[in-house]
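Participant: Take this structure, written in structure tokens, and hold onto it; I'll ask about it next.
The values are calculated or read from the model by the stated rules, or taken from the named source; none is laboratory data. Bear in mind that the values here come from a model prediction, so they are computed numbers and not experimental data. Here the Cβ positions follow ideal geometry from the backbone for every residue, glycine too, while neighbour counts run over all protein chains shown. Just the protein is used for accessible areas: all its heavy atoms, side chains included, with ligands, DNA and RNA removed. Shrake-Rupley method; radii C 1.70, N 1.55, O 1.52, S 1.80 Å.
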Amino acid sequence: QGVETGVMHPVIFTVTFYKDVTEARAQVCLATLAACADRGIKVVVVDDSPHEAVRDAMRATGAIVQKQTKTGGKGAALRESLELAVQHAPADAVLCWQEAEKTDMVSHWHLVLAEMKSAEVAVPLREDGLFRETYPIEQYHSESYGNAYLSLLSAKLLGAPPLDWHFGPFALKAAHAQRWLSNGGELWDAQIIPLIECLRDRVPVVSVPVPFRAPGAMKAEEEGNLTYCEKRFSQLSFLFPVLKAAMEAGSNAASAWNTCEKFFNSLFRLLVVRAERWEHEGVDVEGAARCGGGEGVLL
């Protein structure tokens, strides 16, 4: 059964890397691609796995799969997969990014697209109960904190509503693809900074609740695992300063502060120049100020 989207056509784009087709994450990816085929959703994959057998297994599901050619990390791969999606998408397409291991998200894109009749970009929002139940507990806490911080920051600097910044999936109408294609982010920032630019430019962005369930295999592998726990910490440490800088660069609050700062710097320089001139001319500035006779003198 296809996705009920009206005139909008979803095209999912994603990136992958697996050492072998038998590893757990690769098997979850294949389940995701099969779910797309079952629902009639076109999906494109840019893969950097070392073995062609991985890509052959993906192609067997009906997915459009390309070996990564661009040099770089996740950011470069994301841009390459988006380019591939644009090539295979109709003009009225909605381009949907998701990680290949988020199988359950495939069944919720129709909820997202239904809200995009009045929006240009959409960010799915995980239901908190399922988020806590189905994710590794360390990831639940780290991403909940991350979302709280970034939502407070974006509200202050951009006047933006709360978003599930750390979920990953997002959707955009094809007309906005260039925002992501032109961004030079190397990791998760390649996904999020263009979203910040949309908020700054008042592009309609909507948050859409979805009853997403993370794969049980992923929770079993990652919960209580120090390596994954440190990865969550590294992600926050990398993203917070990068995203804060992006928000400040385009925020009204930051612009207002910069304007005030420039004004007072200019005023200070003017006063210094005037004080030097008055000193040279022998003007008793302190005496004039004490007796009230200095009105209109300073400037």
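Participant: Quick check on packing: order 159-168, 75-84 by the mean number of other C-beta atoms within 10 Å, highest mean leading.
Facilitator: Working: 159-168: 19.0, 75-84: 21.8.
So the order, starting with the most tightly packed, is 75-84, 159-168.
Participant: Less than 17 Å from a label point 7 Å out along the Cα-to-Cβ axis of F233: which backbone N atoms in the stretch 125-150 qualify, by residue?
Facilitator: 137-146
Participant: Sticking with this structure for a sec: Where the only charges are on Cβ atoms (+1 Lys, Arg; -1 Asp, Glu), what is the dipole of the stretch 4-62 about its Cα centre, to the nearest 20 debye?
Facilitator: Details: 6 positive and 8 negative charges, 22 e Å.
About 100 debye.
Participant: Leaving out ligands and nucleic acids, and using a 1.4 Å probe, what accessible area per residue does the stretch 105-210 come to in Å²? If you can, show how the numbers build up before the last one.
Facilitator: Values: 4130 Å² over 106 residues.
On a per-residue basis, the stretch 105-210 sits at 39 Å².
Participant: What number comes out for the charge environment of P215, summing +1 per Lys or Arg and -1 per Asp or Glu over other residues with Cβ under 15 Å away? Display every interim value, and only then the final one.
Facilitator: Working: positive: R25, K102, R126, R213, K219; negative: E23, E99, E101, D104, E133, E221, E222, E223.
With Lys, Arg at +1 and Asp, Glu at -1, the net is -3.
Participant: State, to one decimal in nm, how far the label point of Q27 lies from the label point of S182, with both points 7 Å from Cα in the Cβ direction.
Facilitator: Rounded to a tenth, the inter-label distance reads 4.5 nm.
Participant: Ranking request for peptides 92-99, 181-188: highest mean number of other beta-carbon atoms within 10 Å first, then the rest in descending order. Before the final figure, lay out the partial values.
Facilitator: On the way: 92-99: 20.4, 181-188: 15.5.
Per-residue mean Cβ counts within 10 Å order the peptides as 92-99, 181-188.
Participant: Any chance you could look up the accessible area of R200 with a 1.4 Å probe, heavy atoms only, rounded to 10 Å²?
Facilitator: Surface open to solvent at R200 totals about 100 Å².
Participant: Give me the three principal axis extents of the stretch 131-259 from the C-alpha atoms, as integers in angstrom, largest value leading.
Facilitator: 50, 31, 26
Participant: Give me the percent of the accessible area of the stretch 26-79 that comes from carbon and sulfur atoms, probe 1.4 Å, all protein chains in place.
Facilitator: Working: 1150 of 2260 Å².
Carbon and sulfur: 51 percent of the exposed surface of the stretch 26-79.
Participant: Which pairs in the list K102/K156; K67/K117; K19/K70 are over 28 Å apart, alpha-carbon to alpha-carbon? Write down the numbers at each step before the final one.
Facilitator: Numbers: K102/K156 31 Å; K67/K117 34 Å; K19/K70 19 Å.
Distance filter (> 28 Å) returns K102/K156; K67/K117.
Participant: Would you mind working out the magnitude of the charge dipole of the stretch 106-162 relative to its Cα centre, with +1 at each Lys and Arg C-beta and -1 at each Asp and Glu C-beta, to the nearest 20 Debye? Intermediate values should be presented prior to the final figure.
Facilitator: Details: 4 positive and 7 negative charges, 36 e Å.
Charge dipole, the stretch 106-162, about its Cα centre: 180 debye, nearest 20.
Participant: Tell me, what is the 1.4 Å probe accessible area of E223, in Å² to the nearest 10?
Facilitator: Spelled out: E223, probe radius 1.4 Å, area about 80 Å².
Participant: Run the quick spin-label model on R39 and Y145: label points 7 Å from Cα toward the beta carbon, then report their separation in nm to one decimal.
Facilitator: 3.3
Participant: Rg over Rh of the stretch 93-146, using C-alpha atoms and the Kirkwood radius, what does it come to?
Facilitator: 1.01
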